[in-house]
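Some notes on the structure that comes next.
All of the numbers you see were taken from the coordinates with simple rules; none came from a lab. All figures in this text were calculated on a predicted structure; none of them were measured in a lab. Heads up, the Cβs are rebuilt from the backbone with ideal geometry, glycines too, and the neighbour counts pull from every protein chain shown.
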Amino acid sequence: MASTYRSPDWDTYRMDYSHSHREVEPPEKEIGVVGEALECLREADILPHTEYNPDKFLAHRRAVAELFEIPWTAITPRVQRLLYAINAIVQPRNMIAAGVFCGNTFISNAGAGVGPGACYAARQLLGVEIVPEEAARAERNVRRIDPSGIARVVAADAVEVVAEFAEPIDLLYLDADGAGGKGKGIYLEILEAAEPRLHPGSVILAHNSVNCAERLEHYLAYVREPGRFPASVNVIVDGEGLEVTGR
Ligand SMILES: C[S@@+](CC[C@H](N)C(=O)[O-])C[C@H]1O[C@@H](n2cnc3c(N)ncnc32)[C@H](O)[C@@H]1O
């Protein structure tokens with residue numbers, strides 16, 4: 001079933017994309033909005049509960065602010081917290097993030113499994129970035145937080161990596177802006193390549209469900225089609241949006 005969570009101020013909530021670490025609202029406000037979104041995902045049976053450790057999240061946020069080189073990012077503080085919390089709750093052994101640019105989106109997911117915010121033992125947390133220079137920077141960033149190598153970034157096409165991945169995929173994060181005129185339309189190609197390895201309990205996250213809704217038309221229609229997936233929620237806590245689909 002398809003549904004929507006929309007915070008009342010989603011369209012006035014703003015961040016500076018070049019200074020992603022600046023606080024844009026009181027912490028209680030951010031925690032409250034993210035808590036409501038998590039509750040909505042629990043009601044849709046995508047998440048089993050809504051609990052995550054806020055101190056570990058802050059340790060993660062501080063480490064990223066200190067150690068990552070981030071030229072820009074569209075991941076707002078609300079979505080950074082939301083991604084961390086979803087991963088802390090789902091605890092994916094295997095997570096793949098497609099289209100990670102400098103690695104900020106990737107670590108917002110992977111930070112629940114590695115580094116100072118780690119709250120469970122992960123197996124493989126894989127970021128995929130098709131531009132080699134960006135993949136190298138993302139990998140450098142990630143190595144500063146996770147010396148273990150459980151989280152890593154590879155320079156490759158996410159469609160191929162997902163298709164060749166030999167194990168179950170517990171969480172798939174989509175943010176690739178495909179080359180060759182495909183744009184965000186590549187989400188559906190990546191999801192279709194991943195489907196044989198998704199299982200009941202897997203979660204699929206798709207960034208830009210609001211500001212790229214038109215370019216994601218086919219993807220959004222696919223995940224929201226009645227009967228295809230048990231539930232899909234358009235989580236709107238900012239102007240970008242995150243479609244959260246449960247398998
Ligand atoms: C717009 S960026 C994502 C930025 C992210 N939303 C943030 O705020 O940090 C999309 C990235 O996807 C990458 N990309 C495009 N097609 C890809 C593919 N097939 N596989 C992996 N990465 C891809 C692009 O090179 C680009 O770095």
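Pairs please, first residue from segment 40-63 and free of Cβ contacts under 8 Å to residues at least 40 places away in the same chain and closer than 18 Å to ARG78 by Cβ, second anywhere and surrounded by 14 or more Cβ atoms within 10 Å (Cβ to Cβ) and hydrophobic (A, V, I, L, M, F, W, C), Cβ atoms under 6 Å, 6+ apart in sequence or on different chains.
THR50/LEU38
Whether any residue in segment 63-73 is closer than 17 Å to LEU172 by Cα, within 16 Å of the ligand (Cβ to nearest atom) and not in a loop (DSSP other than H, G, I, E, B) is what I want to check.
The answer is no; no qualifying residue exists.
Pull up segment 108-151, narrow it to residues that are free of Cβ contacts under 8 Å to residues at least 12 places away in the same chain and in a helix (DSSP H, G or I), then point me to the one that is surrounded by the fewest Cβ atoms within 10 Å (Cβ to Cβ).
Among them, the one singled out is GLU133.
Is it true that some residue in segment 125-139 is away from the ligand (no atom under 13 Å from the Cβ) and of a type in the set (Val, Ile, Thr)?
There is no residue in segment 125-139 that is away from the ligand (no atom under 13 Å from the Cβ) and of a type in the set (Val, Ile, Thr).
Can you name the condition, by its number, that VAL79 falls short on among (1) away from the ligand (no atom under 11 Å from the Cβ); (2) β-branched (Val, Ile, Thr); (3) farther than 23 Å from ALA163 by Cβ?
For VAL79, the failing item is (1).
Name the residue that is surrounded by the fewest Cβ atoms within 10 Å (Cβ to Cβ), counting only residues in segment 25-40 that are in a helix (DSSP H, G or I) and among the acidic types (Asp, Glu).
GLU28
Out of segment 222-240, which residues are crowded, with 18+ Cβ neighbours inside 10 Å and in contact with a strand residue (DSSP E or B) (Cβ under 6 Å, 6 or more places away or on another chain)?
Answer for segment 222-240, where residues must be crowded, with 18+ Cβ neighbours inside 10 Å and in contact with a strand residue (DSSP E or B) (Cβ under 6 Å, 6 or more places away or on another chain): VAL223, ARG224, PHE229, ALA231, SER232, VAL233, ASN234, VAL235, ILE236.
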